[in-house]
Amino acid sequence: METKYLFFTGGVVSSVGKGVTAAALGLALKERGFKVAVQKLDPYINVDPGTMSPYQHGEVYVLDDGAETDLDLGHYERFIDIRLSRVSNFTTGQVYAETIAKERRGDYLGGTIQVIPHITNEIKRRIGLAAKETGAEIMILEVGGTVGDIESQPFLEALRQLRNEVGRENCLFIHVTWLPIIGATGEIKTKPTQHSVAALRSIGISPNVIIARADQDVAQDLCDKIALFCDVENEAVIPMKTANNLYEIPLLLEELGVGDLLLKKLEMQSRRKADMRPWKKLADEIKKEKPTVRVALVGKYVELQDAYMSVREALKHAALANGAEVVIHWIHSADLEKEKSWNLIKESDAILVPGGFGSRGVEGKILAARYARENKIPYLGLCLGMQVMCIEFARDVLKLEDANSSEFDHSTPHPVIDLMTDQRSITDMGGTMRLGLYPCALQAGTKAAAAYNASSVDERHRHRLEFNNHYRADFEKRGMIFSGLSPDGRLVEIVELKDHPYMVGSQFHPEFLSRPMKPHPLFMGLIKAAKEKAKK
Ligand code: GLN
């Protein structure tokens, strides 16, 4: 079968759920028996989001092969339940870097290098590569940003060209827009959608489907108006009201018949009936009245929850599987240093310290770990959260007062967290950490081994520093258990406290492998322990 392409573009404003919509429609097509792959095209000039501040970009989502990617790839993996690879995300930065390298090598034989055709060719080459490598029958391509942005133009132009190369019958343009509501009159407006479609048409692209997002129900006559003004068929205007919960979106799109509509427009037959029962069950579970567990998330980017997208979702997955509703207390670690927000910590049934970089707020995280250890509050530390758990233990239990990570104090006499020798000579920031999937051997009889119910697991990493083996014996003597190690025993991957209901830290990021239907064992362990605590 020839590969079919679904091109997702955004109109009016960003952050209206284009990525989630693309992911949920990927699920709809997978459920109909097709091999689906996804690719996100990001128009910014960074080579990848790995070097960007989480304030700017939200979370950096890490794949098995160590690619540092856009957080939308998290939506794709969670909804479609697939494992993506490096080809699934590329940026303007990568496209230009490759093109300029070719030019320097002389590959263009003296030609003048231009956006059309050289940049657009490189974009199309990367799309072709992903189609080939994934063997997808249906490729979903999401263009980041909003139509009208200068930087997304080469991407849209490349898609326009691709449409002619693969044949119009083999692709659909799906435009996701936003219908604002005027507060004074409560009226829903379609004009911005009309303008964004006009902008698309001015570069030669007419959308086949318009998904009109709104905070309210959109009446049929408004859909018909959009169809008329934007030159799409009436049935191809999909009114999509904001869902109460992310995981209701696949059901919503199913009810609206979008999966079948896409196949019809691609002149394809569904291979089987979509089985949405597990999603229905999940949605029903979400709606049920449940006991709450309160988790304090102590981070440094808490003003922007997107910075902890996968952590938040993993907490939700584990809570649902435990028949509980998670309430997250977002706590700025720097506040804890200033004696602020402790009331929220005290009102929580568990503490989670996520990953992070740089010294700002790190002492507050250490205080949170101390509180969890001393008061036997369930604790999960992710990457930096595991490192602060070790620093706190060294300072207070081993009495190594100045213990620290060499990331925060170069001259600490006790670098319990330190750079590995192979990281010492690296000066470049981009893509140079320990990244991606690594095996971890679980030590029998530990909480970690019990949670996973396995002897070995593979988990995704994104960090530079490691536990310093020089201190291992001392830690063990005082009740820290190294429950997960690299298979050669050299790297500490999971630590846990002996005399504590659940104080576990992982050097990797378990949140990237949690799925709505398959919650992550370490998060399950945390929520179980938190539920116990809440009961008391
Ligand atoms: N900054 C720490 C390191 O590089 C932790 C990284 C993280 O939390 N992802 O090792």
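Readers should treat all values here as calculations from the given coordinates under stated rules, not as data from a laboratory. Small disclaimer: the values here were computed from a predicted structure and weren't measured. All Cβ positions, glycine included, derive from the backbone under ideal geometry; neighbour counts span all protein chains shown.
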Debye equation applied to the C-alpha atoms of the stretch 71-172, log10 I(q)/I(0) at 0.18 Å⁻¹ | -0.99
Apply the Debye scattering formula to the stretch 236-279, with a single equal point scatterer on each alpha-carbon and no solvent, then give log10 I(q)/I(0) at q = 0.19, 0.28 Å⁻¹.
-> -0.65, -1.08
Could you give the radius of gyration (one decimal) and Dmax (whole number) of the Cα atoms in the chain, in Å?
-> 24.7, 76
Nonlocal amide H pairs with residue 491, under 5 Å, H built at 1.01 Å | 486
Would you mind checking the radius of gyration and Dmax of the stretch 148-304 based on alpha-carbon positions, in Å?
-> 19.0, 55
Calculated Rg and Dmax of the stretch 331-424 using C-alpha coordinates, Å | 13.1, 43
Bins of 5 Å from zero: percent of alpha-carbon pairs in the stretch 229-371 = 2, 8, 15, 14, 13, 11, 9, 9, 7, 6, 4, 2, 0
Sticking with the crude label model, points 7 Å out along Cα→Cβ, report the distance from residue 287 to residue 191 in nm, one decimal please.
-> 3.8 nm
Lys and Arg at +1, Asp and Glu at -1: add these up for the other residues within a Cβ distance under 14 Å of residue 95 and post the number.
-> -2
Taking the Cα atoms of the stretch 1-143, report the difference between the largest and smallest coordinate on each principal axis, in whole Å and largest first.
-> 49, 42, 34
Per the Kirkwood definition applied to all pairs of different Cα atoms, how many angstroms is the hydrodynamic radius of the stretch 178-243?
-> 12.0 Å
Around residue 506 (Cβ within 9 Å, Cβ-to-Cβ, excluding residue 506; K/R +1, D/E -1) the net charge comes to -2
Along each of its three principal axes, how wide is the spread of alpha-carbon positions in the stretch 210-285, in whole angstrom units, largest first?
-> 40, 32, 14
Cα convex hull of the stretch 355-402, projected area averaged across orientations, nm² | 3.1 nm²
Share of Cα-Cα pairs in the stretch 293-371 lying beyond 21 Å, as whole percent = 23 percent
